[in-house]
Amino acid sequence: MTSNTAQQDAAVADKSILANSAYADGRHLAARQSIYRWQQPQYDLPGIVVEELADTSGIVLDVGCGNGKFISRLHKDRPDLQVVGMDISAGILADVEKPVLVADAQALPFADNSVDAVLALHMLYHVSDIEATIKELARVLRPGGVIIASTNSDTDKRELDQLWSRAAGDVLGIPEGPARVSLSSRFSLEQAPGYLGSVFRSIRVRELPGTIEITDPAPIVAHLASYEAWADQCGVPFHETVSRAAEIAAATVRAEGAFTIRCLGGVLVCRL
């Protein structure tokens, strides 16, 4: 698989793309989340977060909260907590339960030692300076507090990477096309303990492996199309490549009965 270019990595952390395109609303994020409906075993990620916060009281800051999936669950299961959602995009916060604020994870508008838990769920790969952001998250955390981060492995959904490269190659008329943009490659499950270990003395990793079997190409198409914000960095006509990927996925389903995707994500529970 072709490695990501520096241009792609820079675009994944581009604030303008994030706020105005990728997460201008919840549409693309919801499309990426939806593919997990077909995963076995099923993981209740919001439930895992609730479980990890069992001993936490006080203020929980959800940094890069996106469409508020975890905030909603915390409001339901832990109404005793003061949950604050934060994202760089005002648009995606429109339907998130209040209180919320628009802010940059690299400059949190909170005092030192002011929150009891910080959530950084599938978002640290979007910040330009990962190390500085982790220090900033730790700055606002009270002694004894916890940070819960999550990301995906370098091996996660490799079948979709291969599908994209094959479809891109077909569109361009070459054996293998450019790699698709990878969000988690800047802060993968393999890299995360090293980054977090520079600040936190205790890091516990919960790996969440699974397999997705899909008999209808539509969820695959929706997942690939959700990367539209980074279309300019793909090095290939984006919509034509998505259409060709749909054709290949449909042919695979006809031949094999399903399109199989192997997943590996993880949750990291960190304490100072």
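Of everything listed in (1) more than 17 Å from residue 37 (Cβ to Cβ); (2) of a type outside the set (D, E, K, R); (3) over 18 Å from the mean Cα position of the chain (by Cα), the single unmet condition for residue 259 is (1).
The strands (runs of 3 or more DSSP E) found entirely in region 98-212 that carry 2 or more residues being closer than 25 Å to residue 47 by Cβ and over 15 Å from the mean Cα position of the chain (by Cα) are 115-121, 141-152.
Counting the residues of region 93-132 that are touching a helix residue (DSSP H, G or I) at 6+ places or on another chain (Cβ under 6 Å) and farther than 23 Å from residue 26 by Cβ gives 2. Residues that are closer than 16 Å to residue 140 by Cβ and of a type in the set (D, E, K, R) within region 88-107 comprise just one, 104.
Evaluated against (1) in contact with a Lys or Arg (Cβ under 6 Å, 6 or more places away or on another chain); (2) assigned to a helix (DSSP H, G or I), residue 49 falls short on exactly one condition, (1). Taking the criterion of being among the hydroxyl-bearing types (Ser, Thr, Tyr) and part of a helix (DSSP H, G or I), the only residue of region 65-95 that qualifies is 72.
Identify the residue in region 22-49 that is surrounded by fewer than 18 Cβ atoms within 10 Å (Cβ to Cβ) and small (Gly, Ala, Ser) and, among all such residues, is modelled with the highest pLDDT. Restricting to residues being surrounded by fewer than 18 Cβ atoms within 10 Å (Cβ to Cβ) and small (Gly, Ala, Ser), the top hit is 47.
Working only within region 231-253, note down all residues that are assigned to a helix (DSSP H, G or I) and surrounded by fewer than 20 Cβ atoms within 10 Å (Cβ to Cβ). Of everything in region 231-253, those that are assigned to a helix (DSSP H, G or I) and surrounded by fewer than 20 Cβ atoms within 10 Å (Cβ to Cβ) turn out to be 231, 232, 239, 240, 243, 246, 247, 248, 250, 251, 252, 253. Based on what the data block shows, is residue 57 out of contact with any Gly (no Cβ under 6 Å at 6 or more places or on another chain) and over 30 Å from residue 8 (Cβ atoms)? Yes, satisfied.
Close contacts from region 183-198, counting a first residue that is within 12 Å of residue 149 (Cβ to Cβ) and a second that is among the charged types (D, E, K, R) and buried (at least 16 other Cβ atoms within 10 Å of the Cβ), with Cβ to Cβ under 8 Å and a gap of 6+ residues or different chains, come to 184/156; 189/156.
Taking the condition buried (at least 20 other Cβ atoms within 10 Å of the Cβ), within 29 Å of residue 213 (Cα to Cα), modelled with pLDDT of 95 or more and aliphatic (A, V, I, L, M), does residue 179 pass? Quick ask: steps written out before the conclusion?
On the way: buried (at least 20 other Cβ atoms within 10 Å of the Cβ): yes; within 29 Å of residue 213 (Cα to Cα): yes; modelled with pLDDT of 95 or more: no; aliphatic (A, V, I, L, M): yes.
No: the conditions fail for residue 179.
The values are calculated or read from the model by the stated rules, or taken from the named source; none is laboratory data. For clarity, every value in this text was computed on a predicted model and none was experimentally measured. Positions of Cβ are generated from backbone atoms using ideal geometry, with glycine treated the same way; all protein chains shown enter the neighbour counts.
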